[in-house]
Amino acid sequence: METNTEHVHCLIIGSGPAGYTAAIYAARANLKPVLYQGIQPGGQLTITTEVENYPGYPNGIQGPDMMIDFETQAKRMGADIRYGLATKVDFSDNPLKVLIDEEKWITADSVILATGASAKWLGLESETRLNGYGVSACAVCDGFFFKGKEVCIVGAGDTAAEEALYLSKICSFVHMFVRKDEMRASKIMQKRVLATKNIKVYWNTEVEEILGEGKAVAVRVINNQTKESKTIPVSAYFVAIGHQPNSEIFKGWLEMDESGYIITKPGTTKTNIEGVFAAGDLQDKIYRQAVTAAGSGCMAALDAERFLSMKEHQETSDELENSVKTDEK
């Protein structure tokens, strides 16, 4: 291993609600955690505007401000927060090894992974430009802000169907764009969507552009069969074509499902590698909420604390046993 190394007791990779909560709990447990923030300090919430569903903020809060609060609290507890991106890991032995920015190896007695997941987008320039201003990848997070208004959603799977149904309960009308002539969603979800009066499904339809300056006001779509183009006024555009867990560098080391989500032992954050724990959206493809991510960050820190405590106890017992054997000689 390269000479540019540093050893830490507890290493946390990722800085969304899961990572920062893990840092708070680990610091309070005197694990002296070191947290590397990754490519997007604060995670997905830094590209979210108003957050109204996180407990403790009765008047709501801006996503970036909320993440500053999380970071400030973690620092106050004694966590060492650093800029840097994990680029490679070696989990073949303990201490565990993580390469930061392709130049510095960190060895660690325990590692908490909280690198999150990224929403998949169509790749339109307007998705980036209007993100947070009527463009969102989370209907449950942001649908409330468009209560009583017309909105649209892109997607054809169960998540898209669930989010369309969710939006139909709070919005006046939901335009649902499906790229093919059928949905991937389960039959029961399709049936519910098609039976909902204020949802209109557009088959063989793709979004060409989101229109608006400063906020979304309409979408331009095209029927990929007839080539007919139309503009539909909407107050919000939601994309629900899936998420991609940020787990690429852990492939070959950790057990994952077919989508790349880290598999943890039921009821814990433990992975298949001893001393490595996974929290937040990296291992959660069902809920994907800030509050559930924070909860699993707490779990990961507690799991890491117990692991390290047992490890230290075992090492102490081994030392005593070796000492006794030496004395007997």
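Each value in this text was obtained by applying a stated rule to the coordinates, not by laboratory testing. Predicted model only: the values in this text are computed from it and were never measured. A quick note on method: Cβ atoms are made from the backbone with ideal geometry, for glycine too, and the neighbour counts reach across all protein chains shown.
Before moving on, here are some points about what is shown:
- Here the sum of -39500 (n - 2.57) over DSSP H runs of 4 or more residues, divided by the residues of the chain, equals -9500 deg cm²/dmol at 222 nm, to the nearest 500.
- Percent of beta bridges antiparallel (DSSP, the chain, rounded to nearest 5): 45
- From phi via Karplus (6.51, -1.76, 1.60), per-residue ³J(HN,Hα) for the stretch 104-115 in Hz, x at Gly/Pro: 10, 8, 10, 9, 9, 6, 8, 9, 10, 9, 9, 7
- Under-20-angstrom lysine pairs by C-alpha in the stretch 128-259, whenever the two are 8 or more apart or on separate chains: 22
- Note that the stretch 248-256 has calculated 3J(HN,Hα) couplings of 3, 6, 9, 5, x, 10, 10, 5, 9 Hz, one per residue in order, obtained from phi through the Karplus relation 6.51 cos²θ - 1.76 cosθ + 1.60 (θ = phi - 60°); glycine and proline are x.
- From phi via Karplus (6.51, -1.76, 1.60), per-residue ³J(HN,Hα) for the stretch 265-281 in Hz, x at Gly/Pro: 5, x, x, 9, 10, 6, 9, 6, 9, 4, x, 10, 10, 10, 9, x, 5
- The stretch 125-239: relative contact order in percent, alpha carbon pairs under 8 Å with at least 6 residues between: 30
- Inter-site label distance for residue 140 and residue 309 at 7 Å from Cα along Cβ, in nm: 3.1
- Using a cutoff of 8 angstrom between alpha carbon atoms and counting only pairs six or more residues apart, the relative contact order for the chain works out to 19 percent.
- Cysteines having no other Cys beta carbon under 4.7 Å from their own, within the chain: 10, 152, 171, 298
- Helix 158-170 and the longest principal axis of the Cα set of the chain meet at an angle near 60°.
- A simple count of charges around residue 295, restricted to other residues whose Cβ falls under 13 Å of its Cβ and scoring Lys, Arg +1 and Asp, Glu -1, yields -2.
- Spin-label pair residue 248/residue 285, simplified geometry with 7 Å Cα→Cβ offset, distance in nm: 1.8
- Acute angle (nearest 10 degrees) that the helix 290-328 long axis makes with the longest principal axis of the chain, alpha-carbon atoms: 20
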